[in-house]
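*Asks:* Submitted below is the structure of interest, expressed as structure tokens.
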Amino acid sequence: MRAALLAVALAACRTPLDELDGAFYAWDTRRVHCTIEIDDRAGFSIADIERGLDRARDTGEVLELLVHVPGESISWANLEAVLAATQQRDLEFLTTRDLLRGSPRGGLALMYDDWYSAPWTESLPLLDAYGAKITVFVARYHGFEPERRAQLKEMEARGHDIEAHSVYHRRGPSVVEAEGVRAYLDEEVLPSITQLREDGYEVLSYAYPFGMRTAETDDAILNTRQVEMVRSLSRANELRANPCPQ
């Protein structure tokens, strides 16, 4: 009963996807970006996502969306529906590099997070079918064996953007509280960037694990000048603290 009541409460407090302003990039000067998780467990319908895409089309903004494991955390049918809806609205598929280097236009910035190189690679034919380019934020890269590193290289060769997402996937504010911000930079952030660069990737951004950030961590990371932007999450549930800066 308690779980059912909580589910009702969460649904009642959910902010519509197209009203989550933090996940819409208006080609301004922000250096802290946010994305909306659309894995099936997040509870957004395709109609919710389509309304977000409608906003991007009508305003010229970029909607930033996140999934983890194509075919598992999001069904193939739902992933294809998002790609098709983007194509139907004549929106461009934009990577992080496009957001930092490109000219303003409406689009979808679709992202993958974590270390699921096999299902990411499995999704390539579907992405190709819609002309979709995505950004892959990679954590735990130091543990990738040669086959998984080759999968990531294949994604880059096909036009996808490879970016940093920490070494051990720990919550940044917790590390800072326990060990200090310097330890967070030295143990999680900077090695994540360096390891990818040593294998030839041009890393321009860093995504926080779990979207956990503070103004202190933003400033510390950006002031290293190792990346040009950091990325968090925009929460749809108002009962949870929104980690996106206002």
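The values are calculated or read from the model by the stated rules, or taken from the named source; none is laboratory data. Everything numeric in this text was worked out from a predicted model, so none of it was measured. A quick note on method: Cβ atoms are made from the backbone with ideal geometry, for glycine too, and the neighbour counts reach across all protein chains shown.
*Asks:* Would you pick out the residues in the range 100-138 that are among the acidic types (Asp, Glu) and touching a residue at least 60 places away in the same chain (Cβ under 8 Å)?
*Replies:* Within the range 100-138, the subset among the acidic types (Asp, Glu) is 113-114, 122, 128.
Answer for the range 100-138, where residues must be among the acidic types (Asp, Glu) and touching a residue at least 60 places away in the same chain (Cβ under 8 Å): just ASP113.
*Asks:* Can you list residue pairs whose Cβ atoms sit under 8 Å apart, with the first residue in the range 26-48 being farther than 17 Å from ALA85 by Cα and the second being β-branched (Val, Ile, Thr) and surrounded by fewer than 15 Cβ atoms within 10 Å (Cβ to Cβ)? Count only pairs 6 or more apart in sequence or on different chains.
*Replies:* Taking only residues 6 or more apart or on different chains, the pairs are ALA26/THR59.
*Asks:* Same structure again: Quick one: THR217 ticks every box in (1) within 30 Å of PRO125 (Cβ to Cβ); (2) in contact with a Phe, Trp or Tyr (Cβ under 9 Å, 6 or more places away or on another chain) bar one, so which box is it?
*Replies:* If we test THR217 against (1) within 30 Å of PRO125 (Cβ to Cβ); (2) in contact with a Phe, Trp or Tyr (Cβ under 9 Å, 6 or more places away or on another chain), just (1) comes out false.
*Asks:* Scan the range 192-201 and tell me whether some residue there is under 27 Å from LEU63 (Cα atoms) and among the basic types (Lys, Arg).
*Replies:* No: the range 192-201 contains no residue that is under 27 Å from LEU63 (Cα atoms) and among the basic types (Lys, Arg).
*Asks:* Going by what's in this entry, would GLU154 be described as acidic (Asp, Glu) and either in contact (Cβ under 8 Å) with a residue 24 or more places away in the chain or not in a helix (DSSP H, G or I) (or both)?
*Replies:* Values: acidic (Asp, Glu): yes; either in contact (Cβ under 8 Å) with a residue 24 or more places away in the chain or not in a helix (DSSP H, G or I) (or both): yes.
Taking the combined requirement at face value, the residue satisfies it.
*Asks:* Let me ask something else about it. Please find, within the range 208-220, the residue that is farthest from VAL176 (Cα to Cα) out of those that are in contact with a helix residue (DSSP H, G or I) (Cβ under 9 Å, 6 or more places away or on another chain) and in contact (Cβ under 8 Å) with a residue 60 or more places away in the chain.
*Replies:* That would be PRO209.
*Asks:* Mind listing whichever residues of the range 179-212 are within 16 Å of PRO245 (Cβ to Cβ) and at pLDDT 95 or above?
*Replies:* SER205, TYR206, ALA207, TYR208, listed by residue number.
*Asks:* How many residues are in a helix (DSSP H, G or I), in contact (Cβ under 8 Å) with a residue 40 or more places away in the chain and out of contact with any Pro (no Cβ under 8 Å at 6 or more places or on another chain) if we restrict to the range 79-97?
*Replies:* Residues that pass the stated criteria total 8.
*Asks:* Let me confirm something: among ALA241, ALA236, ALA164, which residue is of a type in the set (Gly, Ala, Ser) and at pLDDT 95 or above?
*Replies:* Working: ALA241 fails: at pLDDT 95 or above; ALA236 fails: at pLDDT 95 or above.
Exactly one of ALA241, ALA236, ALA164 is of a type in the set (Gly, Ala, Ser) and at pLDDT 95 or above, namely ALA164.
*Asks:* Within the range 179-221, count every residue that is under 18 Å from the mean Cα position of the chain (by Cα) and assigned to a helix (DSSP H, G or I).
*Replies:* Within the range 179-221, residues that are under 18 Å from the mean Cα position of the chain (by Cα) and assigned to a helix (DSSP H, G or I) number 11.
*Asks:* Determine, yes or no, whether LEU65 is assigned to a strand (DSSP E or B) and either within 30 Å of ILE221 (Cβ to Cβ) or out of contact with any Asp or Glu (no Cβ under 6 Å at 6 or more places or on another chain) (or both).
*Replies:* Details: assigned to a strand (DSSP E or B): yes; either within 30 Å of ILE221 (Cβ to Cβ) or out of contact with any Asp or Glu (no Cβ under 6 Å at 6 or more places or on another chain) (or both): yes.
Judged against the criteria, LEU65 is a match.
*Asks:* A further question on this structure: Please state which of the following conditions VAL167 fails to meet, knowing it meets all the rest: (1) of a type in the set (A, V, I, L, M); (2) touching a His at 6+ places or on another chain (Cβ under 9 Å); (3) not in a loop (DSSP other than H, G, I, E, B).
*Replies:* For VAL167, the failing item is (3).
*Asks:* How about the range 33-43: which of its residues are within 12 Å of ASN78 (Cβ to Cβ) and buried (at least 22 other Cβ atoms within 10 Å of the Cβ)?
*Replies:* ILE38
*Asks:* Which residue is surrounded by the fewest Cβ atoms within 10 Å (Cβ to Cβ), if the candidates are limited to the range 115-145 and must be closer than 18 Å to GLU72 by Cα and small (Gly, Ala, Ser)?
*Replies:* For the range 115-145, the residue satisfying everything is ALA118.
*Asks:* Would you check which residues across the range 98-140 are over 21 Å from ALA26 (Cβ atoms), among the charged types (D, E, K, R) and outside any loop (DSSP other than H, G, I, E, B) and list them?
*Replies:* Once the filter is applied, which keeps residues that are over 21 Å from ALA26 (Cβ atoms), among the charged types (D, E, K, R) and outside any loop (DSSP other than H, G, I, E, B), the range 98-140 yields ASP113, ASP114, GLU122, ASP128.
*Asks:* In addition: Can you find a residue in the range 222-236 that is part of a helix (DSSP H, G or I) and either out of contact with any helix residue (DSSP H, G or I) (no Cβ under 8 Å at 6 or more places or on another chain) or buried (at least 18 other Cβ atoms within 10 Å of the Cβ) (or both)?
*Replies:* Among the residues of the range 222-236, at least one is part of a helix (DSSP H, G or I) and either out of contact with any helix residue (DSSP H, G or I) (no Cβ under 8 Å at 6 or more places or on another chain) or buried (at least 18 other Cβ atoms within 10 Å of the Cβ) (or both), which makes the answer yes.
*Asks:* When you check ALA164 against the structure, is it hydrophobic (A, V, I, L, M, F, W, C) and in contact with a Leu (Cβ under 8 Å, 6 or more places away or on another chain), yes or no?
*Replies:* Considered against the rule, which asks whether it is hydrophobic (A, V, I, L, M, F, W, C) and in contact with a Leu (Cβ under 8 Å, 6 or more places away or on another chain), ALA164 comes out as yes.
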